[in-house]
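Below you'll find the structure, written out as structure tokens, and then a few comments.
The values are calculated or read from the model by the stated rules, or taken from the named source; none is laboratory data. Quick caveat: nothing in here was measured; it's all calculated off a predicted structure. All Cβ positions, glycine included, derive from the backbone under ideal geometry; neighbour counts span all protein chains shown.
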Number of protein chains: 4
Amino acid sequence: MNKVKKGDIVVLIDSKNGKYFINTEGNTDKYKGVGVIDPGFFVGKTFGKKIQIGNKDFWIFKPSIIDKLQGIKRRAQIILPRDAALIIMNCAIESGHTVLEAGIGSGSLTIALANAVAPNGKVISYDNRDDFIKHAMKNLKKVELASYIDPKIKDVTEGIDEKNLDAIIIDIPNPWKAVEYAWKSLKTGGYLCTYSPLISQVEQTVKEIKKQSFIEVKTMENIHREMVVSDRGTRPSFNMLGHTGYLTFARKIL
Amino acid sequence: MNKVKKGDIVVLIDSKNGKYFINTEGNTDKYKGVGVIDPGFFVGKTFGKKIQIGNKDFWIFKPSIIDKLQGIKRRAQIILPRDAALIIMNCAIESGHTVLEAGIGSGSLTIALANAVAPNGKVISYDNRDDFIKHAMKNLKKVELASYIDPKIKDVTEGIDEKNLDAIIIDIPNPWKAVEYAWKSLKTGGYLCTYSPLISQVEQTVKEIKKQSFIEVKTMENIHREMVVSDRGTRPSFNMLGHTGYLTFARKIL
Amino acid sequence: MNKVKKGDIVVLIDSKNGKYFINTEGNTDKYKGVGVIDPGFFVGKTFGKKIQIGNKDFWIFKPSIIDKLQGIKRRAQIILPRDAALIIMNCAIESGHTVLEAGIGSGSLTIALANAVAPNGKVISYDNRDDFIKHAMKNLKKVELASYIDPKIKDVTEGIDEKNLDAIIIDIPNPWKAVEYAWKSLKTGGYLCTYSPLISQVEQTVKEIKKQSFIEVKTMENIHREMVVSDRGTRPSFNMLGHTGYLTFARKIL
Amino acid sequence: MNKVKKGDIVVLIDSKNGKYFINTEGNTDKYKGVGVIDPGFFVGKTFGKKIQIGNKDFWIFKPSIIDKLQGIKRRAQIILPRDAALIIMNCAIESGHTVLEAGIGSGSLTIALANAVAPNGKVISYDNRDDFIKHAMKNLKKVELASYIDPKIKDVTEGIDEKNLDAIIIDIPNPWKAVEYAWKSLKTGGYLCTYSPLISQVEQTVKEIKKQSFIEVKTMENIHREMVVSDRGTRPSFNMLGHTGYLTFARKIL
């Protein structure tokens, strides 16, 4: 039966694509965007069917990875799903892989990576700030992906303990300082990715990558554009994010 | 030991990122980009170490998903890895899922989907042309992903046999004709994606999607830009693909 | 002497690039962004030298065309300077030309056209709404370009009176209805331009253009991106306008 | 009468938008794209009317500025009309202005500037290479704009002789070395523009601009996209130039 069971964590979506995570075993409380409610209310409701709370319409779903990425609480600037998708593809990350990311930030990329390596892989997440790890792990628990993560309070520019990693993703202000450690810790043919908003960061990183043994070095950016399709006609959205970050990829050789 | 074993299928990469697949049990033959060679030559070679054939340098790797996508033989216009990555992310496709695509084309998206649902998922691939299915399955065999595919000679605009699918991706000239069938065959909360180069195709498809029960309807395009990073400085590449296709996504509700 | 004289219309620019037009013969009044001031205060001040009013810094300039375009009061969606620049270039508009635009909107494109045809050319501006013409002409007077304009309360889809025009620019919701009239009123080799936010508008217009005798038919859009250059490094601005309008150009043949 | 007269310089346009300049007083010769022809053949022909030469169709026009820009012979990388349009707009260049450019390159920007300042303005063109000046001036003569140009064999990084210029446009590999001279030679409120393909050039230039007295400093790029509008539907062109150059603008204050 496609009904909500006691213990399920569900996502509510409103008509403006607002997304709200609810633990059906949680306490009666004020849930942001939904109002004061006893989560037990949702038990027995049918997934995908419209329900009304107050004067607002919602649909309940089992959370998908895209819900999980859109539902997290942000503290730092996050890596958006579109960039996470490119990272996973260009780092060739797949089910069963062991990958390392640094830093963990709000856990956004962490969630995408956890989902990509599940059910048998592992994500090792470095961050030198304990509070970021705590905040990110809270997000990961909420979306039921915490079990795939090995969090470590550690600065990646001081070394990487693990070996034979399938991929390493660096999202810190000085990624070039982690490049040599990354080379040592990657498996042969494994991928390094760095994510940087500034051209000067890209330049320093590529310079360091070229000193090490890597091939297939490339830097790219995604300019993402929503289209507005209505009865009046179609046009690109006026509302557009002009930049996220540059993605640099490289692959280890001997 | 990180050495090539007899029976391995390996990828050779040259210094210009040309990629060539070799079956180490294949016959002595002319391999495009490599020359006439006995594939047994590669057995015992070390992965990631430079080898010379004629006057060209190569590195041997176990093929990654990105190698697999770049190494296929094209017959039709293919869906590029960057768009495949966005499709997988926005359709929330993950290990264990059952997804349907139509048509199979050259099998490019098929490879990306197979890799994403592995090791326990399934890709059902419709195409109304037998020759496309044969060509695509040859590509899938070459990259050792054929076992995840159920190919079907069938026109998706005439119906979909399967039910409870996690995602359906439509890449045909008239995707709107498959929208109603897609709704019926998706699980609740499952995702539909259509890929179309033309705005008029997007408009007809979105019109049909709005007639059915879907939420989170959105259309987007990726404008992908490589950056050239050299000792002289950094700039966007002059060489740029101006368009691939518009991606429309929607999620089934009851 | 580079000093403000009585009677000058000047522009004040603040440190955040806010621009404020002042008629030095105006009355003491509250000037938006500047405060309550007697415009006579500016007489004798040196152009380009910093002056303080209250606790804000300003520079005074003789208004350039870019000041004039940025200083107008908007009522309708305006054509931005970047698009006006492309229109003037691709319609080959130059000093001495006679050009027609419809509608006048807030007079933004009108200002750019007036400046381009000065000192001996003419801009004929159609609009079917008297209030738009009044508002636009007020903007044109403020920037001292009104003398180049012949405003006409007229719907361009009902005909064009003038003949032998160098260029015609149409910015109305149904530009295709003016295409045939435009052909009749252009000189041989003259240019038609239509500006439309929606693809469907472009399609209907191009269809009509192809029925008439035009060559060099092309449609384009400008994706304009500011770069943020700071001591920390350089990146594209996060803040970006995703779309303005599509520009279609065509050239009259016999 | 709209007919070609003896002595006219005309442009021929073929059905693929190829453009060919012909001096009707020239000798019988092989004209690229047209064939061997006596230019006297065109005298008396009607502007805008199709004529056949061999098995190809042509239309004759009095050259517009856009013809002139598209018809020049290139030696160096040129500044495209779309960027020239933005330069003219953002430097507020208009009829009667005196502007300086360095270097002259193939004379592409020179043509656009000459047309913008005509009939009473002046373009001063520096280049340290005599052969570039000769080549560019040949292009300018062909399009009848040479009389607006003062060419000078001079390296702009060694100083600028002129004073009180309305605008200065620098297109050399090291524009930052001309910034201080540019400040000294601009009128108050005049505009400096530098055109550079590389981010590092932009950074050095902006750094130097900030040392001098300039306001309204901004850097931008144009991502120009053609749309293909056909009976089948509309889409962005696959064929796209990924980058031209970054444009930096600044305005002189005291």
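Structure data summary
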{"quantity": "Single match in C:T46, C:T110 (criterion: hydroxyl-bearing (S, T, Y) and under 30 Å from D:P119 (Cβ atoms))", "calculated": "C:T110"}
{"quantity": "Any hit, region D:146-155, residues being without any contact (Cβ under 8 Å) to a residue 40 or more places away in the chain, within 12 Å of another protein chain (Cβ to nearest Cβ) and not polar (S, T, N, Q)", "calculated": "yes"}
{"quantity": "Odd one out for C:A178, checked against (1) within 13 Å of chain D (Cβ to nearest Cβ); (2) crowded, with 18+ Cβ neighbours inside 10 Å; (3) touching a Ser or Thr at 6+ places or on another chain (Cβ under 7 Å)", "calculated": "(1)"}
{"quantity": "Single condition B:D57 does not satisfy, out of (1) under 23 Å from A:P63 (Cα atoms); (2) within 11 Å of another protein chain (Cβ to nearest Cβ)", "calculated": "(1)"}
{"quantity": "The listed residue being touching a Cys at 6+ places or on another chain (Cβ under 7 Å) and aliphatic (A, V, I, L, M), out of A:I87, A:I66, A:I72", "calculated": "A:I87"}
{"quantity": "Filter result (at the interface with another protein chain (Cβ under 8 Å from one of its Cβ atoms) and either surrounded by fewer than 22 Cβ atoms within 10 Å (Cβ to Cβ) or in contact with a Gly (Cβ under 6 Å, 6 or more places away or on another chain) (or both)) within region D:204-216", "calculated": "D:I215, D:E216"}
{"quantity": "Residues of region B:42-67 satisfying the condition of being of a type in the set (S, T, Y) and within 14 Å of B:N2 (Cβ to Cβ)", "calculated": "B:T46"}
{"quantity": "Residue match in region D:221-241 (condition: more than 19 Å from the chain's Cα centre (by Cα), more than 13 Å from every other protein chain (Cβ to nearest Cβ) and either within 30 Å of C:I60 (Cβ to Cβ) or buried (at least 20 other Cβ atoms within 10 Å of the Cβ) (or both))", "calculated": "no"}
{"quantity": "Check on C:N115, under 12 Å from the mean Cα position of the chain (by Cα) and more than 24 Å from A:F238 (Cα to Cα)", "calculated": "yes"}
{"quantity": "Selection within region B:242-254 - within 8 Å of chain D (Cβ to nearest Cβ) and over 26 Å from the mean Cα position of the chain (by Cα)", "calculated": "none"}
{"quantity": "So B:K152, is it of a type outside the set (D, E), at pLDDT below 95 and under 21 Å from the mean Cα position of the chain (by Cα)", "calculated": "no"}
{"quantity": "Failed item in (1) touching a residue at least 60 places away in the same chain (Cβ under 8 Å); (2) in a helix (DSSP H, G or I), with A:L192 passing the rest", "calculated": "(2)"}
{"quantity": "Residue under evaluation B:A102, criteria (1) within 14 Å of another protein chain (Cβ to nearest Cβ); (2) buried (at least 24 other Cβ atoms within 10 Å of the Cβ), criterion not met", "calculated": "(1)"}
{"quantity": "Check on D:K177, assigned to a strand (DSSP E or B) and farther than 28 Å from B:R225 by Cα", "calculated": "no"}
{"quantity": "Unique match (being more than 9 Å from every other protein chain (Cβ to nearest Cβ) and surrounded by 24 or more Cβ atoms within 10 Å (Cβ to Cβ)) among A:I168, A:I172, A:I199", "calculated": "A:I168"}
{"quantity": "Residues of region B:88-134 classified as closer than 20 Å to B:T157 by Cβ, of a type in the set (V, I, T) and outside any loop (DSSP other than H, G, I, E, B), total", "calculated": "5"}
{"quantity": "Count of residues meeting criterion [in contact (Cβ under 8 Å) with a residue 60 or more places away in the chain and on the phi > 0 side of the Ramachandran plot] in region B:156-181", "calculated": "1"}
{"quantity": "Among residues of region B:184-195, those that are closer than 22 Å to B:P81 by Cα and away from chain A (no Cβ under 11 Å), counted", "calculated": "4"}
{"quantity": "Residue among C:N128, C:N120 that alone is farther than 13 Å from C:I149 by Cβ, surrounded by fewer than 24 Cβ atoms within 10 Å (Cβ to Cβ) and within 12 Å of chain D (Cβ to nearest Cβ)", "calculated": "C:N120"}
{"quantity": "Count - residues of region B:199-223 that are of a type in the set (A, V, I, L, M, F, W, C) and touching a residue at least 40 places away in the same chain (Cβ under 8 Å)", "calculated": "5"}
{"quantity": "Those residues of region C:165-189 which are within 24 Å of C:T98 (Cβ to Cβ) and within 20 Å of the chain's Cα centre (by Cα), in sequence order", "calculated": "C:L165, C:D166, C:A167, C:I168, C:I169, C:I170, C:D171, C:I172, C:P175"}
{"quantity": "Residue match in region C:194-213 (condition: over 24 Å from A:H224 (Cβ atoms), polar (S, T, N, Q) and within 19 Å of the chain's Cα centre (by Cα))", "calculated": "yes"}
{"quantity": "Selection count, region C:89-99, where residues are crowded, with 24+ Cβ neighbours inside 10 Å and more than 7 Å from chain D (Cβ to nearest Cβ)", "calculated": "3"}
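For (1) over 22 Å from B:K252 (Cβ atoms); (2) hydroxyl-bearing (S, T, Y), each residue gets a yes or a no:
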residue	(1), (2)
A:G33	yes, no
A:T46	no, yes
A:K49	no, no
A:N55	yes, no
A:G71	no, no
A:I79	yes, no
